[in-house]
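Nothing in this text is a laboratory measurement; each read-out follows from the coordinates by a stated rule. Quick caveat: nothing in here was measured; it's all calculated off a predicted structure. Ideal geometry is used to build each Cβ from the backbone, glycine not excepted, and the neighbour counts take in all protein chains shown.
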Amino acid sequence: MSSRLAYVIGHRNPDTDSVCSAIALAHLKNRLGNPDVCPARAGEIDAETAYVLRRFDVPVPELVEDATGKDLILVDHNEVAQALPHVDQANILEVWEHHRIGDLHVPKPIIFHCEPVGATATLIAEQYFAREVAPTRAMAGLLIASILSDTMSFRSPTTTDQDRRVVSRLEPVAEVDAQALGAEMLEIKTRASEQKNARSVVRDDFKEFLLGDEHVGIGQVQVARIDALAPRRLEILDEMRTLRAERRLAQVILMVTDATTKSSDLWFVGERAERFERAFGPLQEGIVRVPGCMSRKQQVVPRLETVYSRT
């Protein structure tokens, strides 16, 4: 570990797992004798994350907007398009991740820990256990909240037994009931989502992926009922077109996800719509409903990758 300050940081458009995993991992490294490690965020936090930080009395991490010349430990991402600007000019020390292996390149061997679990927080919690460091009540709470957020309170197909075991082990430490906390978070998230303007709906949880030789952007918003945003279809699709033009993306997709019915409407703008339709079915006014679809990383990106690899 470098002797200068190192930032633990998640992806742009940070979500609860991205922010809270960074906080918990930095705290663990501090406890292990690395005082020059601190948590950071790569953007503004959303309503759910703000609620979780208040709930466990943890300050919002420092905002870092450029990676140039910085020592970084990456959590919850390893794709250049999702990282801080100029991440290629940073010194990447470690990566802790639960998504696909992306296009991040580093010039030397590093710790790169990636497992197919529901949340990066699961991996961070297991490091506390393995290192025999007792998490504080606040850190246990952040880790539970992160897992509940990314797994949609264990409803998502990305949920694993590891996630459930970690939450069960952390519950008495955090002094919370995970089911009740998940319900509180879901209420916060869905209420905030339905009150957002079109720009926030599209951009707040938005990630870019390199598929073949083209960049595709995929956003996700969770709602209380799957048709909640239907009356705003035209303005949201227009915002998706604006974002596509700004970032020169081949396609922009928005997942409107209803965790209760375990399904998503996929909203689409872009070129080569036939590739999207081969993956998910025929569009009607720019939207297709996909029952059982809740996970961007496990159910949307892989199907697009398959289509792109054949064209």
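Miscellaneous remarks
- In a DSSP loop and with at most 11 other Cβ atoms within 10 Å, the trypsin sites (Lys or Arg not before Pro) in the range 191-259 are 248.
- For the range 6-187, the alpha carbon convex hull comes to 107 Å³ per residue, rounded to a whole number.
- Extension gain from residue 54 to residue 88, taking 0.36 nm per residue of separation minus the Cα-Cα distance: 8.9 nm
- When you filter the GluC sites (Glu not before Pro) in the range 1-90 for DSSP loop state and at most 16 other Cβ atoms inside 10 Å of their Cβ, you are left with 44, 65.
- Amide H partners (placed H, <5 Å) of residue 219, local residues excluded: 207, 253, 254, 255
- Dipole of the range 196-309 [Lys/Arg +1, Asp/Glu -1 at C-beta], most positive-end residue of 220, 304, 236: 220
- A DSSP coil position with no more than 13 other Cβ atoms inside 10 Å describes none of the trypsin sites (Lys or Arg not before Pro) in the range 7-100.
- Helix content alone sets the calculated 222 nm mean residue ellipticity of the chain: runs of n ≥ 4 DSSP H residues at -39500 (n - 2.57) each, divided across all residues, give -12000 deg cm²/dmol.
- Among beta bridges identified by DSSP and lying wholly in the chain, the antiparallel ones come to about 45 percent.
- Gain on full extension, evaluated as 0.36 nm per residue between residue 105 and residue 262 minus their Cα-Cα distance, stands at 53.0 nm.
- Placing +1 on each Lys and Arg Cβ and -1 on each Asp and Glu Cβ, with no other charges, gives the chain a dipole about its Cα centre of roughly 280 debye.
- Ordering 140, 286, 172 by Cα displacement along the dipole of the chain toward the positive end leaves 286 in first place; charges were set at the Cβ atoms of Lys, Arg (+1) and Asp, Glu (-1).
- Cα gyration tensor shape of the range 196-309, rounded if a/c is under 1.5, else prolate or oblate by comparing a/b with b/c: oblate
- Rounded to 5, the percent of DSSP beta bridges in the range 6-187 classed as antiparallel: 0
- Averaging the Cα positions of each part gives two centres, and for the range 220-277 and the range 1-41 these lie 32 Å apart.
- FRET E, pair residue 247, residue 136, Förster distance 41 Å, beta-carbon r, rounded to 0.05: 0.55
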